[in-house]
Each structure stands twice: as C-alpha cells, then as structure tokens.
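The values are calculated or read from the model by the stated rules, or taken from the named source; none is laboratory data. These numbers come from a predicted model, not from an experiment. We place every Cβ from the backbone using ideal geometry, glycine too, and count neighbours over all the protein chains shown. Quick note on the areas: whole protein, heavy atoms, side chains included, nothing else; ligands and nucleic acids left out. Shrake-Rupley method; radii C 1.70, N 1.55, O 1.52, S 1.80 Å.
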Amino acid sequence: DNAMTTSAARFCPNCGAALVGGAACARCGWQPEPRDTAPTTLWRVETGLQRGRALPAPALAAGAWCLPTEAGELLALDAASGALLWRRQMDDGATMGLCAANDLLLVGLADSRPIPGGARALLALDPRTGEERWRFATGAHSLSAPAFDGGVVVSASDGRLYALDAAGALRWSAAHPA
C-alpha cells in the first residue's frame with residue numbers, strides 16, 4: 001500500500017539516520033536499549049494514490065518526515081506523532097529527490113508530465129512551514145536527489161553539475177559527463 005510507516009528500530013531518534021539491526025547509530029553514536037531493538041510501529045499515515053510508481057525516499061528535516069506523493073504534493077509529517085504539519089503542491093512536476101540540510105529541505109524537481117517541459121529548479125524550503133527560502137533554476141529537471149556537505153550540489157540533466165552555498169548562490173558549475 002501507499003503509506004508512510006516509521007518504527008523505533010529503523011531510524012535513530014536523535015538524528016534520523018537509518019539504523020542497521022540493533023547496532024549503534026553510525027552518525028551520532030546513539031545506542032538502542034535492548035527493548036528498543038524489536039521494530040514497533042509508532043504511527044501510520046495514508047498518503048494517497050498507488051500506481052506502482054517508485055517515489056523518492058523521504059527525508060527527516062527539523063523533526064518532520066518530508067515525503068512526496070503520487071499526486072505531486074510534498075507532505076511534512078511530525079516525526080513523533082505522524083500529524084500533518086504542512087502540504088505543498090509542487091509546480092507542474094514531481095519531486096525527484098529530497099535532502100535535509102541544516103535548517104533547509106532541499107527538493108530536486110523533475111517534470112512528470114507526459115511531454116516534459118524545459119527548465120526546472122532546485123528548491124530550498126523551510127522544513128517547519130514548507131515556505132520557499134530560495135530557488136535555483138537549472139536547464140532541465142533533476143535526475144537525482146541533491147546532496148549537502150557545506151554546500152549544495154545538484155546534478156541536472158542539462159549535462160551540468162552545480163555547487164551552491166546554503167543561501168542558494170552559485171559557487172561553481174561544471175560539465176557532467178554522460
């Protein structure tokens with residue numbers, strides 16, 4: 001089915017990183033208590049249509065699980081309760097990938113129409129409200145999730161790789177070999 005389910009044993013409660021088995025969190029070192037190692041469903045939320053189409057993985061940003069839906073929306077759900085915090089309809093397209101970065105939710109956009117249009121953008125949203133902080137136009141839609149490590153890097157299908165700072169200003173771009 002098409003639902004968001006989270007469990008205590010799959011994600012670190014401190015930083016949201018994926019946990020492997022009963023091991024400590026590789027990102028922050030959190031150790032599960034022995035009773036915490038068995039998966040327990042904390043909450044479940046129906047997200048809409050199910051067409052068998054793969055959707056990008058959700059991202060944990062500022063205490064919210066952010067995830068795209070098949071209807072072209074982006075939802076933010078409270079990580080503790082599953083309550084809907086906000087929803088945003090995406091511009092004529094679908095999210096291709098999400099990335100949490102400091103206090104931003106980065107969204108790579110792809111055109112999901114039968115005949116895709118031209119340029120798309122990388123969006124930076126406030127993960128608490130869904131409001132747009134900045135937008136960076138690319139020559140075509142994004143084919144992967146953005147990545148963040150002191151700067152934002154996004155690969156676009158126009159054959160370029162872009163590096164942006166956290167404010168959305170271009171640091172550099174380079175040809176990306178096919």
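Quick look at the values:
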{"quantity": "Placed amide H near residue 19: partners under 5 Å, 5+ positions off or other chain", "calculated": "11, 12"}
{"quantity": "Packing-based ranking, highest mean first, of 74-86, 161-173, 120-132, 96-108 given that Cβ atoms within 10 Å are counted", "calculated": "96-108, 120-132, 74-86, 161-173"}
{"quantity": "The stretch 58-102: radius of gyration and largest Cα-Cα distance (Dmax), Å", "calculated": "10.3, 31"}
{"quantity": "Accessible-area order (highest first, 1.4 angstrom probe) of the listed residues 148, 136", "calculated": "148, 136"}
{"quantity": "Förster radius 35 Å - calculated FRET efficiency between residue 134 and residue 26 (Cβ-Cβ, nearest 0.05)", "calculated": "0.70"}
{"quantity": "Dipole of the stretch 130-178 [Lys/Arg +1, Asp/Glu -1 at C-beta], most positive-end residue of 169, 159, 144", "calculated": "159"}
{"quantity": "Estimated FRET transfer efficiency when R0 is 45 angstrom, pair residue 174-residue 83 (beta carbons, to 0.05)", "calculated": "0.60"}
